[in-house]
Every structure is written in structure tokens, then in C-alpha cells.
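Q: Sending over a structure as C-alpha cells; questions will come in a sec.
Since every read-out is calculated from the coordinates, none of them should be taken as a lab result. These numbers come from a predicted model, not from an experiment. Ideal geometry is used to build each Cβ from the backbone, glycine not excepted, and the neighbour counts take in all protein chains shown.
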Amino acid sequence: MADFAESLQAGAWIHAACTNVASGCYTLGGASVVLNASPLQRRLRDIHAARQHVFAQERFYASAGANQLGFPPVDPFSGR
């Protein structure tokens, strides 16, 4: 259970980091990236859609943090 909570937290962190990188590239890409034909435009939409996935949500930070502080591991989905 503890490993599961930590892996969820790691997955959420990876998604957040990748989203920040894609957003930074989009910001630096100039005016051409706002067009729908831009590959970067598509990547930005895809990464933000993936960030909404149930396993990529930042709510899993709390269960992983509680586990690191010594609290007994709980299932992050059921709360038990």
C-alpha cells in the first residue's frame, strides 16, 4: 500500500513537470504555435488532457506525504 501511494505521487509529479515543460515551450514558441496546425499546439493539448487523468491528480501528494510522516498507508481511492 505504501509503494502504491508513493508511485501515485511520483506519477502526479511527473505529469506536473512535463506539463510545465510543454507550457514553457509553448510560451517560447512564438506566434506560430497558436495555429491548430502547429505540432506544439497539439502536444500542449495532449499533455493537459493527460494531466486530467485520475492517476495524475495532485490529490495523491497528501497520501504519499502522510506515509512519509509515518502515518499508516491508506488506499488513496477509498480512503481506508
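Q: Suppose each label sits 7 Å from its Cα in the direction of the beta carbon; what would the R43-W13 distance come out to in nanometres?
A: Label at R43, label at W13, 2.4 nm between them.
Q: Another question, if that's okay. Give me the distance in nm between label points sitting 7 Å out from Cα along the Cα-to-Cβ direction at F4 and L35, one decimal.
A: 4.8
Q: Based on DSSP H runs of at least 4 residues, each adding -39500 (n - 2.57), what is the mean residue ellipticity at 222 nm of the chain after dividing by all its residues, to the nearest 500 deg cm²/dmol?
A: After summing the helix terms and dividing by residue count, I get -20500 deg cm²/dmol.
Q: Once you charge only the Cβ atoms, +1 for Lys and Arg and -1 for Asp and Glu, what is the size of the charge dipole of the chain about its Cα centre, to the nearest 20 debye? Display every interim value, and only then the final one.
A: On the way: 6 positive and 5 negative charges, 65 e Å.
Roughly 320 debye for the chain.
Q: Expressed as an acute angle from 0 to 90° and rounded to the nearest 10, what is the orientation of the C-alpha long axis of helix 2-28 relative to the principal long axis of the chain?
A: The helix 2-28 is inclined about 20 degrees to the chain.
Q: Determine, from the Cβ-Cβ distance of Q57 and C25 and an R0 of 25 Å, the FRET efficiency 1/(1 + (r/R0)^6), rounded to the nearest 0.05.
A: Working: r = 23 Å, r/R0 = 0.92.
Between Q57 and C25 the formula returns 0.60.
Q: Set Lys and Arg Cβ to +1 and Asp and Glu Cβ to -1, take the dipole of the chain about its Cα centre, and tell me which of L8, V74, A22 lies farthest positive.
A: It is A22, whose Cα lies furthest towards the positive end.
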